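Presented below is the structure to which this report refers.
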Amino acid sequence: AAVAPPLSLSFPAGAEDIAIRIADAMAVLDPALVLLFGTPAGGMAALGADLRRLLGTDCRVVGCSSAGEIGPCGYAAATITAVGLPSSSFRVGTCVLRDQALVPASEWMAVLRRFHGDFRPDLRRSIFGVLLPDAHARQEDVLTATLDAAIPGLPVVGGSSAEGLTFAPSCQMIDGAVHDGAALFLLIETDLAVAEVLFSHFSPTDRRAVVTAADPHNRIILELNAEPAAQEYARLTGLPLHGLTQTEFARHPLLLRTGRRHHVRAIRSVTPQGGLQLMSGTEPGHILTLGRAMDMTRGFADVMDALPRPPLMVLGFDCILRRLALERAGMIPQMSELLARYRVAGFNTYGEQHSGMHVNQTFVGMALMPPEAG
């Protein structure tokens with residue numbers, strides 16, 4: 001039998017009757033889950049509640065705000081992007097990890113183990129997790145590590161959410177109820193084939209620095225190589241101190257090596273004291289390598305073409321810094337064409353999660369492909 005593919009669609013955030021339009025388009029799927037990304041004019045809670053009423057209580061409706069959306073035509077802005085997963089091929093469970101800022105890790109561990117046990121995965125099917133944390137809580141590093149320990153071996157992808165380019169407060173919603181300061185976690189089981197997708201467009205240079213002083217809670221590097229952090233970073237990049245802009249941070253990221261991979265530790269800004277404010281965790285003793293940017297579009301196509309089969313959809317989480325770098329390079333049309341070609345649907349994030357790690361300036365996703373024949 002033919003597999004009903006997942007569906008994605010985008011409407012302007014201020015569109016009239018947006019719930020009715022999404023529900024009408026999704027009805028053919030009889031969806032198990034509808035994901036919503038963006039900031040609807042009437043609020044996420046109202047849209048979630050309306051969709052739940054229109055689609056029935058067997059359909060879970062989960063949403064979060066975004067710094068931009070990825071819809072059927074690639075990058076989108078000021079839209080509501082909806083992703084529907086048909087109940088014929090998907091089963092979904094939802095879990096709220098509360099009070100992120102208080103880091104109740106042992107409580108999260110218990111909640112996650114119970115949630116996974118109650119879900120009772122069917123071992124004949126694929127299963128993966130989706131994590132949608134509030135970026136303002138700045139606890140993704142401990143959150144991903146806790147998840148990895150609580151449900152070992154589960155592939156998890158996700159993106160940190162905040163609203164717009166100003167990093168405005170996030171909204172996390174399940175079935176019309178808003179959960180401020182929480183991380184939403186979904187278990188998704190499917191008879192489709194799945195594969196994790198990871199793309200970072202940087203290679204390490206030979207320039208390295210040791211974090212000699214830091215404020216881990218606030219993700220600030222105070223000193224690199226026992227010098228004020230911004231000053232030493234400027235020396236390493238060959239830039240003047242006054243030339244440290246978001247553009248340059250995006251071009252010259254700091255990389256942290258974990259295992260055999262380098263992960264980006266993106267810089268958000270210079271602090272008034274001359275420190276470097278990061279978008280993910282840092283600690284004294286970390287050895288950071290300066291990265292160099294490579295071609296963003298060609299590398300992305302190579303990663304997608306390496307999948308075993310063309311995807312029916314890729315649920316994707318793409319760092320806002322990558323999108324800003326593409327905008328400045330005038331390459332949004334080329335990247336949007338690729339995102340549309342590979343059927344990517346998702347949103348622009350303030351941090352990405354995969355394999356127990358919180359990273360930046362990276363595209364992470366889960367490719368949903370037709371099952372293998374036989």
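Could you go through region 296-303 and let me know if any residue there is open to solvent by 50 Å² or more (accessible area, probe 1.4 Å) and out of contact with any strand residue (DSSP E or B) (no Cβ under 8 Å at 6 or more places or on another chain). If you could, list the steps in order and put the result at the bottom.
Going residue by residue through region 296-303, those that are open to solvent by 50 Å² or more (accessible area, probe 1.4 Å) are 298, 302.
Subset that is out of contact with any strand residue (DSSP E or B) (no Cβ under 8 Å at 6 or more places or on another chain): 298, 302.
The answer is yes; a qualifying residue exists.
Sort through Leu239, Leu255, Leu244, Leu224 and tell me the only one that's in contact (Cβ under 8 Å) with a residue 12 or more places away in the chain and within 30 Å of Asp305 (Cβ to Cβ). Quick ask: steps written out before the conclusion?
Details: Leu239 fails: within 30 Å of Asp305 (Cβ to Cβ); Leu244 fails: within 30 Å of Asp305 (Cβ to Cβ); Leu224 fails: within 30 Å of Asp305 (Cβ to Cβ).
Answer to the check: Leu255.
For Gly117, are the conditions met, namely being exposed (fewer than 14 other Cβ atoms within 10 Å of the Cβ), on the phi < 0 side of the Ramachandran plot and among the small types (Gly, Ala, Ser)? Break it down stepwise before answering.
Numbers: exposed (fewer than 14 other Cβ atoms within 10 Å of the Cβ): yes; on the phi < 0 side of the Ramachandran plot: yes; among the small types (Gly, Ala, Ser): yes.
So Gly117 fits the description; yes.
Within region 53-83, which residues are in a strand (DSSP E or B) and touching a Lys or Arg at 6+ places or on another chain (Cβ under 8 Å)? So that I can check it myself, show each step before the final result.
Taking region 53-83 first, the residues in a strand (DSSP E or B) are 60-64, 69-71, 74-76, 79-83.
Those that are in a strand (DSSP E or B) and touching a Lys or Arg at 6+ places or on another chain (Cβ under 8 Å): Val61, Tyr75.
Output yes when any residue across region 321-337 is of a type in the set (Gly, Ala, Ser), in a helix (DSSP H, G or I) and in contact (Cβ under 8 Å) with a residue 60 or more places away in the chain, and no when none is. Lay out the reasoning, then the answer.
Step one: list which residues in region 321-337 are of a type in the set (Gly, Ala, Ser), which gives 325, 329-330, 336.
Checking the rest, the ones that are also in a helix (DSSP H, G or I) come to 325, 336.
Imposing the further condition that a residue be in contact (Cβ under 8 Å) with a residue 60 or more places away in the chain reduces the set to 325, 336.
Yes, the conditions are met somewhere in region 321-337.
Can you find even one residue in region 91-107 that is assigned to a helix (DSSP H, G or I), under 20 Å from Leu192 (Cα atoms) and open to solvent by less than 30 Å² (accessible area, probe 1.4 Å)? Lay out the reasoning, then the answer.
Let us first name the residues in region 91-107 that are assigned to a helix (DSSP H, G or I), namely 100-102, 105-107.
Next, only the ones that are under 20 Å from Leu192 (Cα atoms) stay: none.
There is no residue in region 91-107 that is assigned to a helix (DSSP H, G or I), under 20 Å from Leu192 (Cα atoms) and open to solvent by less than 30 Å² (accessible area, probe 1.4 Å).
Name the pairs: first residue in region 137-154 and under 24 Å from Phe167 (Cβ atoms) and at pLDDT below 95, second residue assigned to a helix (DSSP H, G or I) and open to solvent by 50 Å² or more (accessible area, probe 1.4 Å), Cβ to Cβ under 6 Å, at least 6 apart or on different chains?
Hits for this filter: Ala137/Ala101.
Which residues, taken from region 35-62, are open to solvent by 30 Å² or more (accessible area, probe 1.4 Å), over 22 Å from Gly316 (Cβ atoms) and not hydroxyl-bearing (Ser, Thr, Tyr)?
Matches in region 35-62: Ala41, Gly42, Ala45, Ala46, Ala49, Asp50, Arg52, Arg53, Leu54, Leu55, Asp58.
For region 163-182, check the following and say yes or no: at least one residue is open to solvent by less than 40 Å² (accessible area, probe 1.4 Å), of a type in the set (S, T, N, Q) and closer than 22 Å to Ile220 by Cβ.
Yes.
The values are calculated or read from the model by the stated rules, or taken from the named source; none is laboratory data. Keep in mind the model is a prediction, meaning the values are calculated, not measured. Note that we place each Cβ from the backbone using ideal geometry, even for glycine, and neighbour counts take in every protein chain shown. Heads up: the accessible areas ignore ligands, DNA and RNA and are worked out on the full protein's heavy atoms, side chains in. Shrake-Rupley method; radii C 1.70, N 1.55, O 1.52, S 1.80 Å.
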